[in-house]
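Inspection log for the structure reproduced underneath, given as structure tokens.
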């Protein structure tokens, strides 16, 4: 589905560009209207289709993951747990060369 979304994105961008190219060469509004209708409206519609396809692929992935978790829970085994980063691992040692736990313990002594 993501390949279709990328393809639709390309088609939408090309349609918008061709519509702009046609409007830029026409001088009268009656000459510009067909380009606006065919290029801009069609291009925006295809871009909307591309966004819908991309979001649909994301939702399908999420539902697949939820189905795997549901199956694991039904079998009696807990789902895999991702380790959450701690303050020390997320912040590192910073510019001072000290870890947060060192800094917080010094501040609590005061």
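Which residues, taken from region 19-34, are assigned to a helix (DSSP H, G or I) and surrounded by fewer than 16 Cβ atoms within 10 Å (Cβ to Cβ)? Give the steps one after another, and end with the answer.
Let us first name the residues in region 19-34 that are assigned to a helix (DSSP H, G or I), namely 19-25, 29-34.
Answer for region 19-34, where residues must be assigned to a helix (DSSP H, G or I) and surrounded by fewer than 16 Cβ atoms within 10 Å (Cβ to Cβ): 20, 21, 24, 25, 29, 30, 31, 33, 34.
State which residue pairs qualify: first residue in contact (Cβ under 8 Å) with a residue 40 or more places away in the chain and on the phi < 0 side of the Ramachandran plot and inside region 9-35, second residue surrounded by 14 or more Cβ atoms within 10 Å (Cβ to Cβ) and not in a loop (DSSP other than H, G, I, E, B) in any location, beta carbons under 6 Å apart, and separation of 6 or more residues or different chains. From region 9-35, the pairs are 9/50.
Any residue at all in region 36-59 that is assigned to a helix (DSSP H, G or I), over 22 Å from residue 5 (Cα atoms) and touching a helix residue (DSSP H, G or I) at 6+ places or on another chain (Cβ under 8 Å)? Yes, some residue in region 36-59 is assigned to a helix (DSSP H, G or I), over 22 Å from residue 5 (Cα atoms) and touching a helix residue (DSSP H, G or I) at 6+ places or on another chain (Cβ under 8 Å). Please work out if residue 71 is modelled with pLDDT of 55 or more and outside any helix (DSSP H, G or I). Answer is no for this residue. Of all the numbered requirements in (1) surrounded by 14 or more Cβ atoms within 10 Å (Cβ to Cβ); (2) modelled with pLDDT under 85, residue 50 misses one, and that requirement is (2).
The values are calculated or read from the model by the stated rules, or taken from the named source; none is laboratory data. Note that this is a predicted model, so its numbers are computed, not measured. Note that each Cβ is placed from the backbone with ideal geometry, even for glycine, and that neighbours are counted across all protein chains shown.
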